[in-house]
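Presented below is the structure to which this report refers.
The values are calculated or read from the model by the stated rules, or taken from the named source; none is laboratory data. On a predicted model such as this, the values are computed, not experimentally measured, just so you know. FYI the Cβ positions are ideal-geometry reconstructions off the backbone, even for glycines, and counts take in every protein chain you see. Keep in mind that these areas ignore ligands, DNA and RNA; they rest on the heavy atoms of the full protein, side chains included. Shrake-Rupley method; radii C 1.70, N 1.55, O 1.52, S 1.80 Å.
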Amino acid sequence: MSDIENDEKKISRRNIFGLGSAAVAAAALTMVGETTAEAQQPASHTASKEINPGQQNGPLAAENPDSEWPPPTDSGSVKPFKYSFSLSRKRIESGGWTRQVTVRDLPISTAIAGVEMRLTAGGVRELHWHVEAEWAIMLYGSARITAVDQEGRSFVSDVSKGDLWLFPPGVPHSIQGLGPDGCKFLLVFDNGNFDEFHTFLITDWLSHTPKEVLAKNFDVPQSTFDAVPKKELFIFQTALPGDLHAEQTEAAKGTGTVPKRFDFKASAMKPSKVTRGGEVKIIDSRIFPVIPISAAIVTLKPGGLRELHWHPNADEWQYYITGKGRMTVFAAATTARTMDFEEGDVGYIPISNPHYIENTGDSDLVFIEMFKSSEYQDISLAEWMAHTPHLLMNQHLGVTMSMLDSIPKEEAVVTPL
């Protein structure tokens, strides 16, 4: 089968799935006629008014079917809420690489920015700090992280795939890839204007401080600093770190360790909610009380839906780890837009804008929801409807009383139940 035939097959399957899901939703909410997934036929898009003659970016269109052929429920002008890390410039250094998605790339993303980083075994993101808080999740491999708080208390730990860490604003820290193949991780910062390439680096600072001042500060000869790099190291290659316990003991001498750990073993955490459609792990200050950032790690099985909902206390920043999905954002005043997502993509939803995320692929869809808030909050459409007088809801929507009575009294989070 040719690549073109493969693409056409994927698009055909995608259209059938998308329209089927839309039909199911319509039946559940309107109960009008015989609108079902089986009765609703996919559009062929072969009408003269739909033909796109001449040059076009076929692969890009195939990756974004809901932009190429929007659902009929899309309407008006909604700002783009998607950007891919694959479009970001990758800075490559001796010990790895990094790239970022900020408000400069995705203008709607005003509250949060993200960074992907890969470190080789022994590769170091040099000792540094920044004004913003840092939240991270390990995507691959393992790393050693270090930090020192404002009272000189130390933190040294090893983290592996699925683990998190949080560094408060201004706290100096480092990250180093471990064997056998280093690591890859996602960093999230609580400022959409964050810039990974303009952080405070120890080498950069010392190279711009007079040697006589350094000598006076440490009470050593000026020659002590002859080997300080003349420019920032940023990400550099070196040997693997020493024994973890020995480094923890050395770093803690005199002042001890931080009272609250900066890492969190989310990989060992039990899901907060499990249904037939998938699961979610919710992590906020109630279980990880370091800085006011909260998150949800969501897994949707094929056909699963992160139910219709919104977040009343913060914008939502998303990162797609694996799989394929689509999301519709309703921006009020008859405006709505649907966009498609896959691994490495970033999504962004302004505060209180309702939306859903649907798995449109053949494997699990895993993504992260991030919030600049110490407490995770959401409001479920179904839960709202379940706890509003049913006569009033029926008068609004024209749905049956039996349908309203059947809505679960607790939010599903992930459907089907």
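Figures for the structure shown
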item: ³J(HN,Hα) computed for each position of the stretch 63-77 - Karplus, 6.51 cos²θ - 1.76 cosθ + 1.60, integer Hz, glycine/proline x; result: 7, 10, x, 7, 8, 5, 10, x, x, x, 7, 5, 7, x, 10
item: Where Glu250, Glu126 fall by accessible area, highest first, once all protein chains stay in place (1.4 Å); result: Glu250, Glu126
item: Kyte-Doolittle mean at least -1.0, axial Cα span of 27 Å or more - DSSP H helices of the chain; result: 3-30
item: Proximal lysines relative to Lys184, as straight alpha-carbon distance under 20 Å, when same-chain residues fewer than 8 apart are discounted; result: Lys90, Lys161, Lys265
item: q = 0.15 Å⁻¹, the stretch 122-239: log10 I(q)/I(0) [Debye, one scatterer per Cα]; result: -0.76
item: Normalised per residue, the volume of the convex hull around the Cα set of the stretch 329-392 (Å³); result: 151 Å³
item: Placed amide H near Gly95: partners under 5 Å, 5+ positions off or other chain; result: Phe236, Gln237
item: Per-selection Rg to Rh, the stretch 268-413 - Cα, Kirkwood hydrodynamic radius; result: 0.98
item: Antiparallel content of DSSP bridges confined to the chain, in %, to 5; result: 100 percent
item: Residue-normalised accessible area of the stretch 86-179, expressed per residue, 1.4 Å probe, Å²; result: 33 Å²
item: Fully extended contour minus Cα-Cα distance, from Thr209 to Ser352, at 0.36 nm per residue; result: 46.7 nm
item: Heavy-atom SASA rank of Thr224, Thr203 (probe 1.4 Å, accessible area, largest first); result: Thr224, Thr203
item: Cα-Cα separations in the stretch 249-297 greater than 15 Å, expressed as whole percent; result: 57 percent
item: Pair-distance profile P(r), taking every C-alpha pair of the stretch 93-141, with 10 angstrom steps and integer %; result: 20, 49, 28, 3
item: Cα-derived Rg over Rh, computed across the chain with Rh taken as Kirkwood radius; result: 1.04
item: Accessible surface of the chain [probe 1.4 Å, protein heavy atoms]: carbon and sulfur percent; result: 58 percent
item: Potential extension, Asn313-Val220 segment - 0.36 nm per residue separation minus Cα distance; result: 28.3 nm
item: Listed residue (Gly162, Pro289, Val78) projecting farthest to the positive dipole end of the chain, Cβ model; result: Pro289
item: Arg261 accessible area, 1.4 Å probe, all protein chains in place, Å² to nearest 10; result: 130 Å²
item: Stretchable slack from Lys409 to Ser160, in nm (0.36 nm times residue separation minus alpha-carbon distance); result: 85.9 nm
item: Surface accessible to a 1.4 Å probe, Leu240 within the full protein complex, Å²; result: 100 Å²
item: List Asp219, Asp226, ordered by accessible area with a 1.4 Å probe, largest first; result: Asp219, Asp226
item: Cα-based reach from Lys82 at 16 Å (exclusive), listing lysines while leaving out same-chain residues under 8 positions away; result: Lys324
